[in-house]
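**Q** If you scroll down you'll find the structure; I have some questions about it.
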Amino acid sequence: MSAATLPTTGEADGRIGPRAHARHTGALIRRNLLWIRQNPESMFDAVLMPIVFTLLFVYVFGGSIGQALGGGQEQYVQYVVPGLMAMTGMNMAMGVGTGFNEDFQKGIMDRFRSLPIGRSSVLLAKISVELLRNLVATTILLTVGVLVGFDVTSWPGLFAAVGLSVVFGSSLMWIFLVLGVTLNSAQSVQGVGFLVLFPLQFGSSIFAPTQSMPGWLQAFTDYNPLSSLADAARGLMTGGPVAHDLLVTVGWSVALTAVMAPIAIHKFKTKN
């Protein structure tokens, strides 16, 4: 669907009602899905990244880290798959910022902003489609995980872990939307994103237990929300303590959304 065929009802952004906002968001979601259909290579990261990372960590690091966990490769599979689910949501979030910036560079966002549609509808549609991509990536990750030996001990816990990952991933998307609006190129968004992602991912309990890390790094991992998300997902999917990590993850999600969503919407409205 082109921008010209989007709904044009409504007046100024502040006067558009909830039903019109929902209609505009739905039209923009359809537009984004049609773009993916016409450009299937845009799904390569969502399809291939979970496969590559699962096989890489299980078969390269699984034996040695599994022994540290008191088992072997099978033990590491149980440990790393829930952690990779947290990492997948974060990587998908970065794609929101780069894609948003590219739409600005192509003039697509200027066309949207010239139409009488809710400005937040543009952002919500972008996040909704990226969440669908995240669910595709998570499904592939879990499928590959089961094929290499991952054993789900609680199916309700599995769905709860997926939901928690989606909630946290959506909060991160607001950060990358701000970067996408603020920075001058998609390469800049990607570069800043990697600078943020790498320390958070590897300075966490996603890939390995934190007990053997230096004291200063353990202190960092204790406050790293990715550690809380990974540990909560493990507890939900394979059994173990959940309450504290679950509350920390939800708290981070709410705080990030409350702070960054208004900033992203404001930046989008005022960007020249």
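The values are calculated or read from the model by the stated rules, or taken from the named source; none is laboratory data. Model, not experiment: these values are computed from the prediction. With ideal geometry, Cβ positions are generated from the backbone for all residues, glycine too; neighbour counts draw on all protein chains shown. What goes into the accessible areas is simple: the full protein's heavy atoms, side chains included, and nothing from ligands, DNA or RNA. Shrake-Rupley method; radii C 1.70, N 1.55, O 1.52, S 1.80 Å.
**Q** Of all residues in the stretch 148-188, which are without any contact (Cβ under 8 Å) to a residue 60 or more places away in the chain and within 16 Å of Leu226 (Cα to Cα)?
**A** Gly163, the sole residue that qualifies.
**Q** For the stretch 60-76, give me each residue that is assigned to a helix (DSSP H, G or I) and either in contact with a helix residue (DSSP H, G or I) (Cβ under 6 Å, 6 or more places away or on another chain) or polar (S, T, N, Q) (or both).
**A** Gly62, Gly63, Ser64, Ile65, Gly66, Gln67, Gln73, Gln75, Tyr76
**Q** Please find, among Thr139, Thr143, Thr88, Thr98, the residue that is closer than 24 Å to Ile29 by Cα and surrounded by fewer than 18 Cβ atoms within 10 Å (Cβ to Cβ).
**A** Thr139
**Q** Name the one entry in Leu55, Leu131 that is open to solvent by 40 Å² or more (accessible area, probe 1.4 Å), part of a helix (DSSP H, G or I) and at pLDDT 85 or above.
**A** None of the others qualify; the one that does is Leu55.
**Q** Okay, moving on. Is it the case, given these coordinates, that Met90 is in contact with a Ser or Thr (Cβ under 7 Å, 6 or more places away or on another chain), part of a helix (DSSP H, G or I), within 22 Å of Leu229 (Cβ to Cβ) and touching a residue at least 24 places away in the same chain (Cβ under 8 Å)?
**A** When the stated conditions are applied, Met90 does not pass them.
**Q** Out of the stretch 205-234, which residues are in contact (Cβ under 8 Å) with a residue 60 or more places away in the chain and within 22 Å of the chain's Cα centre (by Cα)?
**A** Passing the criteria: Ser205, Ile206, Phe207, Ala208, Leu226, Leu229, Ala230, Ala232, Ala233, Arg234.
**Q** Given the conditions (1) modelled with pLDDT under 90; (2) touching a helix residue (DSSP H, G or I) at 6+ places or on another chain (Cβ under 6 Å); (3) open to solvent by 10 Å² or more (accessible area, probe 1.4 Å), which single one is not true for Ser154?
**A** Single failed check for Ser154: (2).
**Q** I'd like to know if the stretch 103-119 contains one or more residues that are in contact (Cβ under 8 Å) with a residue 40 or more places away in the chain, in a helix (DSSP H, G or I), over 21 Å from Asp231 (Cβ atoms) and open to solvent by less than 10 Å² (accessible area, probe 1.4 Å).
**A** The answer is yes; a qualifying residue exists.
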